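The values are calculated or read from the model by the stated rules, or taken from the named source; none is laboratory data. Being a predicted model, the structure only gives us computed values, none of them experimental. Cβ placement follows ideal geometry from the backbone for every residue including glycine, while neighbour counts extend to all protein chains displayed. Just so you know, the surface numbers come from the protein's heavy atoms only, side chains and all, with ligands and any DNA or RNA stripped out. Shrake-Rupley method; radii C 1.70, N 1.55, O 1.52, S 1.80 Å.
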Amino acid sequence: MGSHHPECPDRLCAIQDRLIASGLDICLAHHDAPLAGVEALERAHSAAHVRQVFDQSPASGIVHLDPDTAMCPGTLRAALRAAGAGIHATDLVLSGQASNAFCAVRPPGHHAEFGRAMGFCFFNNIAVAARHALEVHGLERVAIIDFDVHHGNGTENIVAGDERMLMVSIFQHPFYPYSGDKPLAGNLCNVPLPAGTRGEAFREAVSTRWLPRLQEFAPQMLFISAGFDAHYEDDMASLGLVEADYAWVTTQLLKFAQVHCQGRVVSMLEGGYALSALGRSVTEHVRALAEL
Ligand SMILES: [Zn+2]
């Protein structure tokens with residue numbers, strides 16, 4: 001993305017470092033992410049968008065797709081691996097080779113719409129994975145849960161009106177990308193939160209807004225857009241979640257999945273830019289998923 005950009009390679013180093021330091025890393029099965037194919041990407045994106053990202057990929061230097069979103073020569077392969085990670089994780093979970101999965105990927109995906117890249121995102125990793133579960137594995141209903149501090153406008157754009165999918169989310173509002181307060185369709189449960197919201201109100205939103213909608217929808221698998229930029233220490237935004245809130249919401253979702261979806265959960269990294277807080281929060285998220 002260029003120097004001094006918050007969406008930087010150090011994010012994944014911070015996660016790996018903390019997973020190792022916590023002792024959790026050696027308990028996990030690690031998988032390399034394959035490259036997503038065009039056919040898989042086109043389950044969530046227009047052919048024109050996929051072609052445009054390929055066409056804009058520079059041989060050298062940096063190309064900007066929007067003021068926040070730039071490609072260097074390695075970006076396309078990274079974006080294909082980020083999307084491929086969700087597909088591979090979905091295959092592992094649905095074949096019973098993994099009980100659930102967390103994908104430590106970048107670039108993130110939830111701002112990428114059907115027809116455009118934006119907000120550090122090129123392909124909508126979580127929507128590509130969820131559509132893969134529906135269209136390749138034949139699931140009939142899947143839910144996407146998004147707790148990134150930013151509204152997942154791209155995922156909403158792709159999911160809106162697809163009755164096989166439910167999206168539940170929280171996000172700081174009003175805040176970038178200045179959408180989500182009026183959901184685009186009935187299969188969206190958007191919970192805007194004002195700046196300054198702390199864990200207690202977040203947990204109440206999960207308990208009173210998300211979980212009843214999830215129960216009513218009865219998904220067969222959960223996909224989590226796991227952004228950690230709502231953390232108190234993350235100055236990208238102004239919410240006040242801490243590690244214990246991420247552990248709590250993960251446990252709530254895992255318990256739901258164990259009762260209703262045979263435990264099937266695939267979680268994918270979205271935002272999270274305060275490196276220490278990101279590493280600690282992901283570690284608690286993964287610890288909750290692994291029930292360790
Ligand atoms: Zn974010």
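Considering region 131-148, the residues that are touching a Leu at 6+ places or on another chain (Cβ under 9 Å) and within 27 Å of residue 228 (Cα to Cα) include one that is surrounded by the fewest Cβ atoms within 10 Å (Cβ to Cβ), namely 141. Residues in region 80-97 that are crowded, with 20+ Cβ neighbours inside 10 Å and either β-branched (Val, Ile, Thr) or more than 20 Å from residue 144 (Cβ to Cβ) (or both): 80, 81, 87, 90, 93.
Sort out which residues of region 1-28 are over 20 Å from the mean Cα position of the chain (by Cα) and either open to solvent by 60 Å² or more (accessible area, probe 1.4 Å) or without any contact (Cβ under 8 Å) to a residue 24 or more places away in the chain (or both), and write them in order of number. Result: 3, 4, 17, 20, 21, 23, 25, 26, 27.
In region 212-238, what residues are assigned to a loop (DSSP other than H, G, I, E, B) and within 16 Å of the ligand (Cβ to nearest atom)?
Residues of region 212-238 that are assigned to a loop (DSSP other than H, G, I, E, B), as a first pass: 218-221, 227-230, 232-238.
If the condition is that a residue be assigned to a loop (DSSP other than H, G, I, E, B) and within 16 Å of the ligand (Cβ to nearest atom), then 227, 228, 229, 230, 232, 233, 234, 235, 236, 237, 238 are the ones that fit.
Of everything in region 103-116, what is among the hydrophobic types (A, V, I, L, M, F, W, C) and surrounded by 24 or more Cβ atoms within 10 Å (Cβ to Cβ)? Give them in sequence order. The answer is 103, 112.
For residue 169, the criteria (1) among the small types (Gly, Ala, Ser); (2) open to solvent by 50 Å² or more (accessible area, probe 1.4 Å); (3) touching a residue at least 40 places away in the same chain (Cβ under 8 Å) hold in every case but one, which is (2).
The conditions of being touching a residue at least 12 places away in the same chain (Cβ under 8 Å), within 16 Å of the ligand (Cβ to nearest atom) and either of a type in the set (D, E, K, R) or surrounded by 24 or more Cβ atoms within 10 Å (Cβ to Cβ) (or both) are met by residue 246.
Go through 55, 68, 91 for me and flag whichever is acidic (Asp, Glu) and under 20 Å from residue 154 (Cα atoms). Even if it seems obvious, please write down each step before you answer.
Numbers: 55 fails: under 20 Å from residue 154 (Cα atoms); 91 fails: under 20 Å from residue 154 (Cα atoms).
None of the others qualify; the one that does is 68.
Taken over region 281-292, the criterion of being open to solvent by 40 Å² or more (accessible area, probe 1.4 Å) and over 28 Å from residue 137 (Cα atoms) is satisfied by 284, 292. Applying the condition of being modelled with pLDDT under 95 and of a type in the set (Asp, Glu) to region 35-88 and asking which residue is farthest from residue 3 (Cα to Cα) yields 66. Checking each residue in region 128-156 for being out of contact with any Pro (no Cβ under 6 Å at 6 or more places or on another chain), more than 16 Å from the ligand (Cβ to nearest atom) and small (Gly, Ala, Ser) picks out 129, 130, 133, 138.
Sort through 152, 186 and tell me the only one that's under 14 Å from the mean Cα position of the chain (by Cα) and farther than 20 Å from residue 90 by Cα.
152
Candidates in region 258-278 are the residues that are in contact (Cβ under 8 Å) with a residue 60 or more places away in the chain, surrounded by fewer than 23 Cβ atoms within 10 Å (Cβ to Cβ) and assigned to a helix (DSSP H, G or I); of these, the one that is farthest from the ligand (Cβ to nearest atom) is 276. In this structure, does residue 164 turn out to be open to solvent by 50 Å² or more (accessible area, probe 1.4 Å), within 16 Å of the ligand (Cβ to nearest atom) and not hydrophobic (A, V, I, L, M, F, W, C)? It is false that residue 164 is open to solvent by 50 Å² or more (accessible area, probe 1.4 Å), within 16 Å of the ligand (Cβ to nearest atom) and not hydrophobic (A, V, I, L, M, F, W, C).
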